[in-house]
Amino acid sequence: MLNREKYLNTGNLNRADVNKLGWKIGDIFHTSGTVSANGYNYCGYEEMRLPQGTRVRLIGIKQTSLNAKVPGGIGDVYVDFQCVDLKNADGTPVTCGNRHAWSLLEANPSFMLAPDGSGDLGCVRGGVWYSYAQKPGVPEDFTKPWSEQRARSIELAEVA
């Protein structure tokens, strides 16, 4: 029998600390592609890797003092979230608890939706917007510039 109560009892569920990112419970964000859910068959649910860009709704936010000694003096932010479009086999939303805010794309100050209105996810570097998507048929190669491996780019001056 699955322990749904344990599954939904994430570290800071329904907690909404004031946080340096200005996020609020209920905000919708996108996973960074480094997020796995149901690790070690947690509560009997099958382990899965969330695809980059999976839409999630914040259900808990906690500003901590961890790493507060680094420049800026503000600690790390941890979040709980539920996937908007992904469900477990029994229909419950996939839930992830106590995740570092950097597991969400919007934590990156350079994050930006495509300026052409397509809704594609990406970031801005040097006045150019780059897609986060990998170019089809191009394997990831850390010896090449990051921008050569992305699906597309847009000069921000073109859309201004």
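Criterion applied to ASP80, ASP116 was being at pLDDT below 95 and farther than 23 Å from ASN12 by Cα, and the one residue passing it is ASP116. Of all residues in the range 19-35, those that are closer than 12 Å to GLU106 by Cα and touching a residue at least 24 places away in the same chain (Cβ under 8 Å) have Cβ atoms under 7 Å from Cβ atoms of residues that are surrounded by 12 or more Cβ atoms within 10 Å (Cβ to Cβ) and basic (Lys, Arg), 6 or more apart or on another chain, in ILE28/ARG55; ILE28/ARG57; HIS30/ARG55.
Could you list, in sequence order, the residues of the range 125-154 that are touching a helix residue (DSSP H, G or I) at 6+ places or on another chain (Cβ under 7 Å), under 29 Å from ALA37 (Cα atoms) and not in a loop (DSSP other than H, G, I, E, B)? Those that are touching a helix residue (DSSP H, G or I) at 6+ places or on another chain (Cβ under 7 Å), under 29 Å from ALA37 (Cα atoms) and not in a loop (DSSP other than H, G, I, E, B): TYR130, GLN134. Restricting attention to the range 102-149, the residues that are touching a Phe, Trp or Tyr at 6+ places or on another chain (Cβ under 8 Å), under 25 Å from ASP27 (Cβ atoms) and of a type in the set (Phe, Trp, Tyr) total 1. Any residue at all in the range 62-72 that is within 14 Å of the chain's Cα centre (by Cα) and modelled with pLDDT of 90 or more? No, there is no match, as no residue in the range 62-72 is within 14 Å of the chain's Cα centre (by Cα) and modelled with pLDDT of 90 or more.
For residues that are among the polar types (S, T, N, Q) and assigned to a strand (DSSP E or B), scanning just the range 63-88, find the one that is surrounded by the most Cβ atoms within 10 Å (Cβ to Cβ). Here the residue is GLN82. Scanning the range 43-62 finds no residues that are in contact with a Lys or Arg (Cβ under 9 Å, 6 or more places away or on another chain), aromatic (Phe, Trp, Tyr) and touching a residue at least 24 places away in the same chain (Cβ under 8 Å).
Can you name the residue in the range 1-30 that is loosely packed, with under 11 Cβ neighbours inside 10 Å and over 17 Å from the mean Cα position of the chain (by Cα) and, of all such residues, is modelled with the lowest pLDDT? Restricting to residues being loosely packed, with under 11 Cβ neighbours inside 10 Å and over 17 Å from the mean Cα position of the chain (by Cα), the top hit is MET1.
Residues satisfying the criterion are present in the range 31-38 (criterion: at pLDDT 80 or above and either farther than 15 Å from ARG57 by Cα or out of contact with any strand residue (DSSP E or B) (no Cβ under 8 Å at 6 or more places or on another chain) (or both)). Please tell me if ASN98 is without any contact (Cβ under 8 Å) to a residue 40 or more places away in the chain and touching a Gly at 6+ places or on another chain (Cβ under 9 Å). When the stated conditions are applied, ASN98 does not pass them. One residue alone among VAL77, VAL84, VAL94, VAL70 is in contact with a Lys or Arg (Cβ under 7 Å, 6 or more places away or on another chain), assigned by TED's automatic domain parsing to the domain that holds ASN12 and over 19 Å from TYR7 (Cβ atoms), and that residue is VAL77.
The values are calculated or read from the model by the stated rules, or taken from the named source; none is laboratory data. Treat the numbers as computed from the prediction; the structure is a model and nothing was measured. In this analysis, Cβ positions are derived from the backbone assuming ideal geometry, glycine residues included, and neighbour counts consider all displayed protein chains.
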